[in-house]
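One structure below.
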Amino acid sequence: MAVTDSPAPGTGSHDTSFFGHPRGLAILFLTEMWERFSYYGMRGLLIIYLTQHFLFSDERSALIYGAYVSLVYVMAIFGGALADRYLGQRKAVTFGAILLVMGHFGMAFEGSGSKEIMTYNGHEYQLTLIGRGGDAIPIVKSEHGQSRISFDDNATTMLVEDPEAVGLPAQIPTDAYTTRKIQEPFFVGILYLSLALIIAGVGFLKANISTIVGDLYGLHDVRRDSGFTIFYMGINLGAFMASLTAGTLGIVYGWKYGFGLAGIGMLAGLLTFVTFQPLLEGRAEPPDPQKLKQKVFGPINVEWACYSSALLIMAVAIALIMNPGPAAKLMGATGVIMFIFLMGYSFVKLQGKERTRMWAAIYFALAQIPFWSLFEQAGSSLNLFTDRLVDRHFFGWSVPAPVFQSLNAGFIFIFAPIFAWMWIWMAKRKIEPSTPVKFSIGVLFVGLGFLALVAGMKTTGPGALTPVIFIFLIYWIHTMGELMLSPVGLSAMTKLAPARAAGLVMGTWFLYTGLSNSLAGVIAASTGAETIGGKIVDAVAAKATYEHVYTNVAYVAIAIAVFMFVISPVIKKWMQGR
């Protein structure tokens with residue numbers, strides 16, 4: 001066996017080859033960039049795809065979206081635990097990337113789409129859209145032809161533009177017809193399977209790649225927060241590119257092109273990680289390579305048993321996505337059980353400073369919930385709001401709604417270097433806010449962002465389109481809050497975690513991130529509106545609902561932020577100087 005002088009995992013590195021940071025950060029930066037490209041490329045399209053292509057209601061689409069995004073993070077705890085005990089982070093990340101490639105390419109198989117059938121006076125007509133997104137044109141089809149349709153201001157009458165073409169009257173009361181939806185079971189199944197593959201893939205990849213980042217630095221290396229912020233730049237560079245490209249392709253040219261490009265991005269991430277693994281210098285390897293070779297089920301050894309666990313993860317994911325209502329309650333119960341387990345672990349397995357640091361880690365995992373449950377409206381209710389109720393025209397081009405999700409990533413790409421420099425500058429002068437205070441500011445900002453959007457809604461009349469500048473504003477405010485909370489939280493978890501449970505603690509962070517997304521789905525479902533073919537029927541009622549929900553959740557977030565600020569000295573004491 002060759003003897004190397006590679007540093008042991010967790011001992012850190014004095015290498016400054018990558019912008020003053022260890023060169024291993026480069027491979028992790030690029031791998032995560034492409035993984036996030038695939039994730040956000042698909043995420044920007046998903047809820048619009050569910051409402052317009054599969055014709056799920058707004059409420060069900062929001063719950064499916066929430067269940068999917070929450071499971072993406074919840075399953076990270078299993079991937080983290082398996083990597084800690086058996087696989088090592090390198091093998092777990094590689095396997096997760098393979099599953100992700102399969103899942104994202106699976107999303108490109110869309111079928112011909114669901115159909116909405118209207119029955120009027122004993123005859124059947126199809127209600128559908130020409131195009132995708134907020135600019136899609138609703139039409140009614142008969143065996144004779146087709147015609148554009150719309151609804152009056154009170155949403156009580158369907159207006160048929162060319163009634164003779166379809167053999168219908170020019171005005172049809174909405175209580176004079178019924179509708180039903182016909183889905184393609186095979187392609188709905190492909191949707192669920194693809195989402196399950198992505199969930200399992202992220203479960204093996206997400207927590208473990210962040211753990212590797214932490215291993216690049218010693219516990220007292222002042223570059224740690226800066227390094228995580230740079231890593232966070234990679235995440236958001238991928239998200240920025242995906243929202244612009246996959247979002248545009250999916251809406252303008254076809255769903256399969258947007259989802260297909262997301263798959264290509266994930267393939268690039270897999271190839272990057274496999275090719276440049278030597279830059280990790282021996283970190284992230286299995287804790288006991290010989291253990292992986294032991295047989296457990298006939299010819300199946302420990303390593304392949306770990307990989308096979310993805311099948312169980314996928315089965316659970318499919319069941320919960322298909323039943324998203326009960327899934328939200330199950331997520332809440334999981335959070336309570338995990339809290340009890342972690343507190344028990346802290347009392348039974350830890351003592352002294354390790355115990356109180358674990359308490360601080362648990363607090364940070366919980367404290368992120370109000371932030372992400374509101375921030376993640378970006379992919380669900382805020383995405384639909386932008387699609388349907390915002391003036392998206394720039395220089396004669398109606399910008400697809402998913403493209404606006406690039407604003408968050410773009411702002412992070414601009415401001416993350418400033419924050420990275422700022423934390424180091426403030427730390428050297430001993431004026432840096434504590435991590436608990438940063439968290440409270442992050443939660444405060446997410447509430448203020450929604451109040452700014454509601455103010456923008458009120459600048460126009462009932463049902464009128466909201467000026468697009470307020471979409472820019474909410475994303476900017478939320479991004480400032482995110483930079484206060486997310487990279488700082490990732491860094492804190494790696495500093496506070498006991499060495500023997502680093503993956504478990506990082507998985508806990510993502511578990512509660514997942515629970516936040518489940519709550520985000522419930523909040524988004526409360527903004528649901530009546531639709532025909534995925535287009536809203538009553539813009540006035542829809543806008544009023546958004547104003548009501550967003551105002552309430554904003555005030556709740558602000559109240560929580562104040563409480564977090566008040567207790568921040570206690571949490572700082574628990575951190576024991578880390």
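Here the 3J(HN,Hα) profile of segment 41-52, calculated from phi with Karplus coefficients 6.51, -1.76 and 1.60 at θ = phi - 60°, is x, 6, 4, x, 8, 4, 6, 5, 4, 5, 7, 9 Hz, Gly and Pro shown as x.
Near THR466, the amide H atoms lying under 5 Å from its own belong to VAL390, ASP391; only residues 5 or more places off or on other chains count, and H is placed 1.01 Å from N. Straight-line cross-link reach from LYS543 at under 15 Å between alpha-carbon atoms covers these aspartates and glutamates, not counting any fewer than eight positions away in the same chain: ASP58, ASP153, ASP387, ASP391, GLU530.
When the chain is fully extended, how far beyond the present Cα-Cα distance does PHE565 get from LYS115, taking 0.36 nm per residue of separation?
Working: separation 450, 0.36 × 450 = 162.00 nm, distance 5.11 nm.
Here the segment from PHE565 to LYS115 would lengthen by 156.9 nm.
The Cα center of segment 408-443 and the Cα center of segment 129-144 differ in position by 47 Å.
Below 15 angstrom from the Cβ of GLN183, what's the summed charge of the other residues (Lys, Arg +1; Asp, Glu -1)?
Working: positive: ARG60, LYS115, ARG180, LYS181; negative: GLU110, GLU116, GLU184.
Cβ neighbours under 15 Å give a net charge of +1.
Each Cα pair under 8 Å and six or more residues apart adds its separation to the average, and for segment 115-182 the resulting relative contact order is 30 percent.
Which entries of LYS115/LYS256; LYS181/LYS535; LYS293/LYS495; LYS438/LYS573; LYS329/LYS349 have Cα-Cα distances beyond 25 Å here? Each step should come with its number before you reach the end.
Numbers: LYS115/LYS256 18 Å; LYS181/LYS535 15 Å; LYS293/LYS495 32 Å; LYS438/LYS573 15 Å; LYS329/LYS349 30 Å.
As for pairs spanning more than 25 Å Cα to Cα, those are LYS293/LYS495; LYS329/LYS349.
Look at where the Cα atoms of segment 32-77 and of segment 272-304 average out, and the two centres are 31 Å apart.
For the chain, a crude dipole built from +1 on the beta carbon of Lys and Arg and -1 on the beta carbon of Asp and Glu, taken about the Cα centre, is about 2300 debye to the nearest 20. Sum up the charges of everything whose Cβ sits under 9 Å from the Cβ of ALA155, counting Lys and Arg as +1 and Asp and Glu as -1, but leave ALA155 out. Result for the local shell: -4.
Compared with the dominant Cα axis of the chain, that is its longest principal axis, helix 406-428 is turned about 30°.
Projecting the Cα atoms of GLY218, PHE54, LEU485 onto the charge dipole of the chain, computed from C-beta unit charges around the Cα centre, puts GLY218 farthest toward the positive end.
Note on LYS181 and PHE339: their simple-model spin labels are 3.4 nm apart, each label 7 Å out from Cα toward Cβ.
For segment 115-182, what Kirkwood radius comes out of the mean inverse Cα-Cα distance, in Å? Walk me through the intermediate numbers first.
Details: mean 1/r = 0.0824 Å⁻¹.
Here the Kirkwood hydrodynamic radius works out to 12.1 Å.
A simple spin-label model places pseudo-atoms 7 Å from Cα toward Cβ; at VAL222 and HIS548 they are separated by 5.4 nm. Count Lys and Arg as plus one, Asp and Glu as minus one, and take only other residues whose Cβ is under 14 Å from that of THR119; the net charge is then +1.
In this structure the amide hydrogen of PHE151, modeled in the peptide plane, comes within under 5 Å of the amide hydrogens of LEU159, none closer than 5 places in sequence on its chain. Check cross-link reach from LYS291 to the lysines: straight Cα distance under 22 Å, and skip same-chain residues fewer than eight apart. By straight Cα distance, LYS291 reaches LYS91.
Here the Karplus curve 6.51 cos²θ - 1.76 cosθ + 1.60, taken at θ = phi - 60°, turns the phi angles of segment 86-101 into couplings of 10, 6, x, 5, 4, 5, 5, 5, 4, 5, x, 5, 5, 4, 5, 4 Hz, with x standing for Gly and Pro. For VAL296, the residues whose modelled amide H falls within less than 5 Å of its own, excluding neighbours fewer than 5 places apart on the same chain, are ASN301, VAL302.
Each value in this text was obtained by applying a stated rule to the coordinates, not by laboratory testing. Computed from a predicted model, the values in this text were never measured in an experiment. FYI the Cβ positions are ideal-geometry reconstructions off the backbone, even for glycines, and counts take in every protein chain you see.
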